[in-house]
Each structure stands twice: as C-alpha cells, then as structure tokens.
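Enquirer: Sharing a structure, written as structure tokens. Questions coming.
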Amino acid sequence: MIYEIIYFFIVGLLAGVVGGLFGVGGGFLFIPAQLFIYNYFDIPEEIQMKMAIATSLGAVVFNTLAASFAHYKKNAIYFPILKKILPGIVIGSILGSYVTKMVPSNLLGFIFGAFECLFGFYFIIARPVHETTPIKNINPLIMNTIVAFTSGLSIILGIGGGIFLIPLLTLLHLPLKKAIGSSSLATLAVAFLGTITLLIPTIPLKTTTFSTGYLYLPAFLPLALSAIIGAPIGVKLTHYLPTKILKKCFGLFLIVIGIFILLK
C-alpha cells in the first residue's frame, strides 16, 4: 500500500504542475496513471475506468481549486464569460455523471483516447489569439447548450472540462492565458458537481476495498494532496512561457496520452 501511495503522490504532483500550466485539471494524467496500476491491485476490470473517472474528478477539484486561486492572483480569470456559461456547466455536469454510471467502461476509454488525440491536434495547428482581439458575443442559449454538452462529456471522460473549455474560449477570442485561468475555475465547478453526483447511489455499484462508491481512496487522497502542491507551480510557468510553445507542448502531450489509452 505504501508504494501505491507514493506512486499516486508523484503522479498527482506532476498532474498538478501540468494542470496548473494548461488549466485542464489534471484528469488526462490521473486516469491513465490509475488504469496502469489497477490491474496490479486486483480491481475488477469492469469497474476500472469508472473508478478512475470518479477518483480523477475528486482529485481535479483540489487541483483546480489551488490553480484557480493562483490564476486569480495573476488577474487571469475572465468572470463575464464564466457567469454566462454557469447554467450550462451545472446542467451538463449533473447529466454527465448519471450517464457515466450507465456507459460501459471500454466505451468510455475509447471516447477518452479519441478526444485526447483530436484536441491535441487542435492545439498544435490553432492560430494564436492576440490580447487586443475583441471578445466574440454568442447567443446565451447556444453558448450554454454547447457548454452543457462539453461539461457532460468531460464528466464522462473524467477530465473536468478544461480540454474542451480552453478551445471554446479561444474560439471566442479570449487570449490563451486568460482562457487557461478561466477554464481552471470552470473546471473546478464541473469536477465538484460531477464528483458529488457520482457519489450519490442511483444504481447498484460493484466496488472494491478502500472505495466509497467509485471513489478509490488510496488513489484519491495522495493525488489530491500532491496536486494542490503542484498546481501553483504550473500557474507560475503559464505566465512565463511563450503562448506558441505552450500550445504546441500541450497538443503533443494530449496526443501521447490519447494514443496510450486507445492502445490499452
């Protein structure tokens, strides 16, 4: 058990740094790390992905809480947009949590890997947005429908939502560094609502030792604690690194993780 805790602490620290750096919560690392080791701890294969998703979302709450506070101190959160998309975040997060309980784990894994690769390519080829570019206005109903869908899909994938929200916010001409900070706070809301909903029993759950529902405590506790430590470091790096390099590194990272999941 001690080696397992050390392993997850190191993973959480790395995910905290990368999550704070890119505003994505860290779920893209939390989930592969859990899937890699769960076979060695006799966790039934049919619940591994769902347990990884729930545990990831729980850890993302603490990761994005630390990152959001650090981004706020850097004045990198654009609250006007977040206020507009709040209804979509709430509706999508709750619905996504209920869908997650019913969808087979192997399908969840395939969806997760495919979207990781797609958004990786997006960030590699996307053009930078300049600080002086005006923010686009979109019909609130359309905007919240899109956000509800992406928030629900984020819960299903266990990633919190930053991977979807950052491209969306940059498409609205929000500069990347403000998109990262704003995404971090939005991801906190998505992950919190998703975690709470997943912990509410609605169907019979097959679980394992040391778990609360699908929340696996030996992974959740070290991941959450170390992510809190790593997230502020990532936020500082965000405001030092050039935007162009930041986007391409993020895109390449997502593609690598996506391929790993698809092959598994």
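Enquirer: Tell me, which residue of segment 192-212 that is more than 17 Å from Phe149 (Cβ to Cβ) and within 20 Å of the chain's Cα centre (by Cα) is modelled with the highest pLDDT?
Expert: Taking the candidates together, the pick is Phe192.
Enquirer: Might you check whether a residue that is at pLDDT below 80, over 29 Å from Leu246 (Cβ atoms) and assigned to a helix (DSSP H, G or I) occurs anywhere in segment 106-129?
Expert: yes
Quick grid of which residues meet (1) under 19 Å from Val147 (Cβ atoms); (2) buried (at least 18 other Cβ atoms within 10 Å of the Cβ); (3) over 15 Å from the mean Cα position of the chain (by Cα); (4) among the basic types (Lys, Arg):
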{"site": "Lys83", "(1), (2), (3), (4)": "yes, no, yes, yes"}
{"site": "Pro87", "(1), (2), (3), (4)": "yes, no, yes, no"}
{"site": "Ile91", "(1), (2), (3), (4)": "yes, yes, yes, no"}
{"site": "Val99", "(1), (2), (3), (4)": "yes, no, yes, no"}
{"site": "Asn106", "(1), (2), (3), (4)": "no, no, yes, no"}
{"site": "Gly109", "(1), (2), (3), (4)": "no, yes, no, no"}
{"site": "Leu118", "(1), (2), (3), (4)": "yes, no, yes, no"}
{"site": "Phe121", "(1), (2), (3), (4)": "no, no, yes, no"}
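Enquirer: Would you confirm whether any residue within segment 152-165 is surrounded by fewer than 24 Cβ atoms within 10 Å (Cβ to Cβ), small (Gly, Ala, Ser) and either touching a residue at least 12 places away in the same chain (Cβ under 8 Å) or assigned to a helix (DSSP H, G or I) (or both)?
Expert: The answer is no; no qualifying residue exists.
Enquirer: When the residues of segment 208-228 are filtered to those that are polar (S, T, N, Q) and touching a residue at least 40 places away in the same chain (Cβ under 8 Å), which remaining residue is nearest to Pro167 (Cα to Cα)?
Expert: Residue satisfying both the conditions and the ranking: Ser226.
Enquirer: Still on this structure: Looking at this structure, is Ala33 closer than 20 Å to Phe210 by Cβ, of a type in the set (Gly, Ala, Ser) and under 15 Å from the mean Cα position of the chain (by Cα)?
Expert: It is true that Ala33 is closer than 20 Å to Phe210 by Cβ, of a type in the set (Gly, Ala, Ser) and under 15 Å from the mean Cα position of the chain (by Cα).
Enquirer: On to the next question. Could you name every one of the helices (runs of 4 or more DSSP H) located completely within segment 1-97 that has at least 2 residues being among the acidic types (Asp, Glu)?
Expert: Fully inside segment 1-97 and qualifying: 45-73.
Enquirer: Could you give every pair whose Cβ atoms fall below 7 Å, whose first residue belongs to segment 86-112 and is within 23 Å of Ser184 (Cα to Cα), and whose second residue is surrounded by 15 or more Cβ atoms within 10 Å (Cβ to Cβ) and among the aromatic types (Phe, Trp, Tyr), counting only separations of at least 6 or pairs across chains?
Expert: Gly92/Phe149
Enquirer: Now for a separate question. Hey, can you tell me all the residues within segment 229-240 that are of a type in the set (A, V, I, L, M, F, W, C), surrounded by fewer than 21 Cβ atoms within 10 Å (Cβ to Cβ) and either free of Cβ contacts under 8 Å to residues at least 60 places away in the same chain or touching a Gly at 6+ places or on another chain (Cβ under 7 Å) (or both)?
Expert: Residues satisfying the conditions are Ile229, Ile233.
The values are calculated or read from the model by the stated rules, or taken from the named source; none is laboratory data. Just so it is clear, the structure is predicted and the values come from calculations on it, not from any experiment. Here the Cβ is made from the backbone with ideal geometry for all residues, glycine too, and neighbour counts use every protein chain on show.
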